[in-house]
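The values are calculated or read from the model by the stated rules, or taken from the named source; none is laboratory data. Computed from a predicted model, the values in this text were never measured in an experiment. Here the Cβ positions follow ideal geometry from the backbone for every residue, glycine too, while neighbour counts run over all protein chains shown. Surface areas here come from the heavy atoms of the whole protein model, side chains and all, with no ligands, DNA or RNA. Shrake-Rupley method; radii C 1.70, N 1.55, O 1.52, S 1.80 Å.
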Amino acid sequence: MSPYDEKIKAEEVKAEMLKAYPTKVARKRARQIILNEVQAGDVVPEIKANTRTIPGIITMRGCSYAGCKGVVLGPTRDIVHITHGPIGCSFYSWLTRRNQTRPEKATDANYMPYALSTDMQEEQIIFGGEKKLKQAIDEAVALFNPKAIGIYATCPVGLIGDDVHAVAREMEEKYPHINIFGFSCEGYKGVSQSAGHHIANNKVFTDVVGLTHNRKPGKFVVNLLGEYNIGGDAFEIDRIFEKCGITVQATFSGNSVYEEFISAHMADLNMVMCHRSINYMADMMEKKYGIPWFKVNFIGAESTAKSLRKLADYYGDKELTARIETVIAEEMPAVKIVQDEIKPRCEGKIAMMFVGGSRAHHYQDLFNEIGMKTVSAGYEFAHRDDYEGRKVLPSIEVDADTRNIEELTVQPDPQSYKARLDETRKTTLAAKGMALNDYEGMMAQMDNGSLVIDDLNHHEAEVLIEKYHPDIFCAGVKEKYVVQKYGIPMKQLHSYDYGGPYAGFKGAVNFYKEIDRMINTKIWGMIKAPWDIHPQVVAKYGWE
Amino acid sequence: MRTLEAKPEKPAFAATQNPCKLCAPLGASLVFRGVENTVGLLHGSQGCSTYIRRYMISHFKEPVDIASSNFSEETAVFGGGENLKTALENVIAQYHPQMIGVASTCLSETIGEDVEKILREFRAAHSTGTLPELLNVSTPSYKGTHMDGFHATVLAITKHLARRSGRQKTISIFPGLISPEDMRYLKQVTRDFDVAAVMLPDYSETLDGGAWDTYHLISPGGTPVAVLREMGSHAASLEFATTLAPEKSAGAYLEQQFEVPHMRMDLPIGVTASDRLFETLSLITGQAVPGVYQTARGRLLDAYADAHKHVFGVPVAIYGEEDWVIALAGFAAEIGMVAVVCASGGHSGQLRSRLLERLPKTIAKTAEILEDVDFSEIEEAARKRQPELLVGNSKGYALARKLDIPLVRVGFPVHDRIGGQRLLHLGVTRVPSVCLTSGSML
Ligand code: SF4
Ligand code: SF4
C-alpha cells in the first residue's frame, strides 16, 4: 500500500471505531486514537493518555497496587512484601508476572514464592486493621528476619483509615535492624498501574536508595532501570555486560536484591529500559546525585548493539569502545544466520502491539529486524511523554487523578551529589547526538499513517483485526484468546507465553524463531472445515 | 493452626501466607459466565476486574470480559452510584446483554454502597426502553471466599429469576465450581436419562468454546435467562454441595419457595458418589441407569483394580474447596489411598463432620482436617503426616516441590498445564484423571 492509501485506511478504521460509541465517549476516544504524522524536529500529533477509562468499557489496565507491588517491587527477592487488604489482591499478584530471580547461593533469601496478606476480615474493616498488620509484620520477622519489609495498601485500607506509614515507623522502632516502609498504593489511586509505579519510585527513592555507599568493583559501573527480568531477559543482558566489562550496580528491579538498591546512587550512569515505570527514579537520582540517564533498548539485536554503543560513547573510553565492538562482532553472526533464514518468510507481514509503557515501542525494533512492519501500536498505561517524547512534559495537563499522586521535590544532596559529566563533555556528547535525560517517545519512530491508540479496548481491537488482518497481534493474556478466536496468532509481551528471553542477541534469535513458528503455523488455516469451503463436495458424493 | 476439633481463641498466625482460597467476586464472575448473554460487572476499582479476568483467562484460555464501575479516589470517598450507572449504560450499549450481573467488591462493600437502590434508580430513569435484567449480589471478600461468592451468585440469580407455573419434567442442577468438561459430561448423562436438565451455571461452552469464524462479543453458550425463570416449576433440583448452609443454597430456596424437591449430594467423583447420582436420576425419571454407564462403571472398576497395587495405602494430602476436598477424599478412600491431610481455605464449619460421614472411620479419625488454612499451615500438617501425593489446584506446586512429592492437578485454578479447563473429574465414563495420573506418577 502506498503511504497515501495507508492514511486513508487508517482514517476509515478510526471512523469505524468511533461509530459504535455514544457521542461523549466518541469524543474522548477520538483524542486517544491518532493517525501518526512525524514532522520536522520529531514533532508528532498530540495524543490523550493517562486518563481514566470510562466505566463499563473493558480495559487492559490494572490498578495502582498492581503497578507498585506487582511490577516495580515484586521482582526483588529479599524484600518481604506484605499486602494489607482482603485476600484477593494478594492472591492475584502472587507469582504471576514471571519475573525470574536467581539467588547466588541456595541459602540466600528469596521470598518471591510467598504471598503474604493480612487477609482482612470484617472485624478489621469495621474496627481497623493496623493491629493485624503489626501482627503480620511480627510474624514475617519471626519467620524470615529480612533486611526489608514493604507494606502495600489495597483499596479498603485508605477508606477505613489505616495508616500504613505510621505502622511502618512504629514497627521499625521495634525492629531497628529492618527497613520497613509502606506504600499508599490503593487501587483506586490514579487511572492505571502507572500511579503505582510512581508511588513505588517515590518510596524506594526516599527510604531505600542512598543508605549505604558501596560501589561495586569495576571501571564502568552502571544501573539498569526498568528491566524486570521477564523470561530471563536480565540474565542475557548480564551476560553481554559481563563480556563487555560493564558492572551493573543495581537493576530496578529484575533479579534484584535490596542491598543493591541502597547503594544504587554510587553508579556512573542510569540506563533506562521501561521509561514509564521508572523514569521518576532516573529523574530524581539525576537531581539528587547528579547521575545522568539515557534511554536504552535491549530488545532486538540491532537495538542492543546501538544501546551498547551509546554506552561506549558515554564513557568515551577507547578500551571499552573496542571491547564493545568486539562483543558485537562476536555476537552478530549467529543472529544473522537465523535472521537470514527467517526473514524471507516474515518479510512484509504486519504486526500490532498494545502493551505496557514501553514494550510496544521496544518490540517494533525486533519485528523490523525480520522485515515486519508495525501498523498500529499503543500503550496500556503510558503518558503523553511515552508517545510524544519528553519535550511535551511541560504541556501535560494535570487532572484530578494525577494530582493525587505525590510529586517529590528533590534537591541536590550536599554530601553525595556529584556531577558525572562536566560541561565540555556534555557538549561533546550532545554534538554526537546523545540525548541525555531524554526520551523521544514511540511516535517519532513510527511510520506516518500508522494508528497510535492509547488504552485500546476490546471493541477497537476487533475493528483493527477485521480491517487490517494483522499477521500477528501482541498484547497480554487478557487479549490473547479474543485475538485467537479470529484465527490470528497472538503473542503475549507481558509473560512471553512462558518463552523468552527475548532481550539481547540470544533473545533476538529466540524471538525470530518464535514469530516464525507463530505466523507460519498451519493451525489457523484449519478453522473452516472443508465442507464449509467447498459445500458441493458433500452434494456430489452424498447417497440418496 | 485452626482445626475444628480444638478451636483456639485466635489462630497461631494472623497473616495469611500463600492463600488456599480466592476472592468472592471471582466466584460471582464465574457464575455470570454460565448464563447466556450475560455480562458481569464488578462495582469497585478496575484492578479487581482486571485481576479476576486475568486469573480466569489463564485457566480457561478463553476471552473473559468483566466490566468495572471504575472507582476513582473521589468515587471511593463520595460513593460510586454515578459510576455504576455510566458503566451499566456502556455495557448495555456495547454488548446488548440479556442480563448484567453486578457483584460488589471489598471497596464498594467497605463504603457501604446500596447497589440495590442504585439499580432501582437506574431502572426508573430508563423506564421507557427495555432494560436487561439487572441483578445484584453482595460479594465482600473479607467475609467469604470465591466459593461463597459463587454460591451467593447462584442463589441471587435463582431468587431473581425463578418463578412457578405448573410442574415440568425438568430438573435443575447446581453443580458448583466444576470444569467445562464436567459440565458437558453432566449434560450427556441427563440426555442419556432422557430428562431435561437446566444447569446453573453452565459455562461449558462460554469458558471452553471452539474456534469461531466470526467474533462474538459475548461468548455463545450458557443457560438462557428465560429457561432459568422456569426453575420454580421444575420436578427436582440436584446440588453438589454438602457443606453449604441451607440459607445459602439455591436448591433449598426452590424447595422452600416452590416445593421443588431438593437433593444434595457430594460431587460425583468416583464410583460411590457417581452411583448416588445415577440412582437419584433413576429415582426422579423412573428410568433404569443407561447401559453405557453400567459398562463404563465396570470399566472404571477394572481401572481401579489395575491401579490398585500402585495406589493402595498411599498417604495423600488433599486441598481445595471444601466440597472438592470431601469428594476427592472419598474417591481416594475408594481406590485405597489414605487421606492424611484434608485442607481448605474455606470455612463452612462442615468439613470435619462431612468427612466423618464420608470416609472410613479409621481414616477420618486420624486425618488432619483443616478449615480456613493457608499453604503454610497445610505444609506444617503435611510435614507431620508425610503424604506421598498431593491432590489439588496448581497453587500447591511450590509445596509439592518442597515436599518433593508429585502433585495431581485438579479443580481450579490449573493454569500451569495445558487443558486445565478440560479435565474431567466427574462420573464413571472416563477414568477420572486423578486415578490414572496418580497411578502413573507414583
Ligand atoms: S479488593 Fe476484594 S474483590 Fe478486589 S481483588 Fe481484593 S479481595 Fe478481591
Ligand atoms: S481492591 Fe484495589 S488494590 Fe485490590 S485489586 Fe482491586 S483495585 Fe487493586
(request) Having 3 or more residues that are assigned by TED's automatic domain parsing to the domain that holds B:Glu371 is the bar; report the helices (runs of 4 or more DSSP H) wholly within the stretch B:249-320 that clear it. (result) B:291-311
(message) If a residue must be outside any helix (DSSP H, G or I) and surrounded by 24 or more Cβ atoms within 10 Å (Cβ to Cβ), how many such residues does the stretch A:252-266 contain?
(response) 5
(message) Return the residues of the stretch B:67-82 that are within 13 Å of A:Pro55 (Cα to Cα), among the aliphatic types (A, V, I, L, M) and open to solvent by 10 Å² or more (accessible area, probe 1.4 Å); say none if nothing qualifies.
(response) none
(request) Answer with yes or no whether B:Ala76 is out of contact with any Cys (no Cβ under 6 Å at 6 or more places or on another chain), assigned to a helix (DSSP H, G or I), free of Cβ contacts under 8 Å to residues at least 12 places away in the same chain and within 11 Å of chain A (Cβ to nearest Cβ). (result) no
(request) Output the residues belonging to the stretch A:88-116 that are within 16 Å of ligand 1 (Cβ to nearest atom) and more than 19 Å from B:Ser58 (Cα to Cα). (result) A:Leu116
(message) Which condition from (1) in contact with a Leu (Cβ under 7 Å, 6 or more places away or on another chain); (2) farther than 22 Å from A:Thr428 by Cβ is the one that A:Tyr314 breaks?
(response) (2)
(request) Determine, yes or no, whether B:Glu109 is open to solvent by 20 Å² or more (accessible area, probe 1.4 Å) and away from ligand 2 (no atom under 14 Å from the Cβ). (result) no
(request) With respect to A:Ile126, determine if the residue is more than 23 Å from B:Tyr55 (Cβ to Cβ) and facing chain B (nearest Cβ under 9 Å). (result) no
(request) Could you grab me the full set of residues in the stretch B:189-217 that are surrounded by fewer than 19 Cβ atoms within 10 Å (Cβ to Cβ) and touching a residue at least 40 places away in the same chain (Cβ under 8 Å)? (result) B:Asp192, B:Asp194, B:Val195, B:Leu217
(message) Exactly one condition in (1) facing another protein chain (nearest Cβ under 10 Å); (2) closer than 18 Å to A:Val355 by Cβ; (3) among the charged types (D, E, K, R) is false for A:Lys528; which is it?
(response) (2)
(request) Test A:Ser307 against the criterion of being touching a helix residue (DSSP H, G or I) at 6+ places or on another chain (Cβ under 9 Å), hydroxyl-bearing (Ser, Thr, Tyr) and either part of a helix (DSSP H, G or I) or surrounded by 24 or more Cβ atoms within 10 Å (Cβ to Cβ) (or both), and give yes or no. (result) no
(request) Would you check if there is a residue in the stretch A:280-297 being open to solvent by 10 Å² or more (accessible area, probe 1.4 Å) and among the hydrophobic types (A, V, I, L, M, F, W, C)? (result) yes
(request) Identify, from the list A:Gly150, A:Gly158, the residue that is open to solvent by 20 Å² or more (accessible area, probe 1.4 Å) and either within 28 Å of A:Ala400 (Cα to Cα) or within 16 Å of ligand 1 (Cβ to nearest atom) (or both). (result) A:Gly158
(message) I'd like the residue in the stretch B:13-52 that is away from ligand 2 (no atom under 16 Å from the Cβ), at pLDDT below 95 and not hydrophobic (A, V, I, L, M, F, W, C) and, out of all such residues, is farthest from B:His146 (Cα to Cα).
(response) B:Gln17
(request) Restrict the check to the stretch A:471-479 and report whether at least one residue is farther than 15 Å from A:Ala351 by Cβ, open to solvent by 10 Å² or more (accessible area, probe 1.4 Å), within 11 Å of chain B (Cβ to nearest Cβ) and touching a residue at least 60 places away in the same chain (Cβ under 8 Å). (result) yes
(request) Would you be able to tell me the number of residues in the stretch B:119-146 that are open to solvent by 10 Å² or more (accessible area, probe 1.4 Å), within 19 Å of B:Ile157 (Cβ to Cβ) and among the hydrophobic types (A, V, I, L, M, F, W, C)? (result) 1
(request) Read through the list (1) within 14 Å of chain A (Cβ to nearest Cβ); (2) surrounded by fewer than 23 Cβ atoms within 10 Å (Cβ to Cβ); (3) in contact with a helix residue (DSSP H, G or I) (Cβ under 8 Å, 6 or more places away or on another chain), then give the number of the only condition that B:Gly101 fails. (result) (2)
(request) May I ask you to list the residues in the stretch B:41-63 that are touching a residue at least 40 places away in the same chain (Cβ under 8 Å), within 15 Å of ligand 1 (Cβ to nearest atom) and open to solvent by less than 10 Å² (accessible area, probe 1.4 Å)? (result) B:Leu41, B:Leu42, B:His43, B:Gly44, B:Ser45, B:Tyr55, B:Met56
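Taking the stated definitions as given, is A:Lys14 touching a strand residue (DSSP E or B) at 6+ places or on another chain (Cβ under 6 Å) and open to solvent by 30 Å² or more (accessible area, probe 1.4 Å)?
Against the criterion (touching a strand residue (DSSP E or B) at 6+ places or on another chain (Cβ under 6 Å) and open to solvent by 30 Å² or more (accessible area, probe 1.4 Å)), A:Lys14 qualifies.
Going through A:Lys528, A:Lys506, A:Lys522 one at a time, which residue ends up being modelled with pLDDT of 95 or more and open to solvent by 60 Å² or more (accessible area, probe 1.4 Å)?
Values: A:Lys528 fails: modelled with pLDDT of 95 or more; A:Lys522 fails: modelled with pLDDT of 95 or more.
After ruling out the rest, the residue left standing is A:Lys506.
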(message) When the residues of the stretch A:95-118 are narrowed to those that are within 7 Å of chain B (Cβ to nearest Cβ) and open to solvent by 10 Å² or more (accessible area, probe 1.4 Å), which ends up farthest from ligand 2 (Cβ to nearest atom)?
(response) A:Pro113
(message) If I ask for residues that are over 19 Å from the mean Cα position of the chain (by Cα) and either part of a loop (DSSP other than H, G, I, E, B) or at the interface with chain B (Cβ under 7 Å from one of its Cβ atoms) (or both), which ones from the stretch A:39-71 would you list?
(response) A:Val44, A:Pro45, A:Glu46, A:Ile47, A:Lys48, A:Arg52, A:Thr53, A:Ile54, A:Pro55, A:Gly56, A:Ile57, A:Ile58
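Hand me the list of helices (runs of 4 or more DSSP H) wholly inside the stretch B:342-407 holding 3 or more residues that are open to solvent by less than 10 Å² (accessible area, probe 1.4 Å).
B:375-385
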(request) For the stretch A:73-81, state whether one or more residues are at pLDDT 95 or above and polar (S, T, N, Q). (result) no
(message) Need the failing condition index for A:Leu456 against (1) under 21 Å from B:Val39 (Cα atoms); (2) within 11 Å of chain B (Cβ to nearest Cβ), just the number.
(response) (2)
(request) Just one of (1) part of a helix (DSSP H, G or I); (2) touching a Gly at 6+ places or on another chain (Cβ under 7 Å); (3) of a type in the set (Gly, Ala, Ser) trips up A:Ala322, so point out which. (result) (2)
(message) Looking at (1) part of a strand (DSSP E or B); (2) more than 8 Å from every other protein chain (Cβ to nearest Cβ); (3) within 16 Å of ligand 2 (Cβ to nearest atom), which one does A:Ile82 not meet, given that it meets all the others?
(response) (2)
(message) Any residue that is surrounded by 15 or more Cβ atoms within 10 Å (Cβ to Cβ) and over 30 Å from A:Ile337 (Cα atoms) - is there at least one of those in the stretch A:358-373?
(response) no
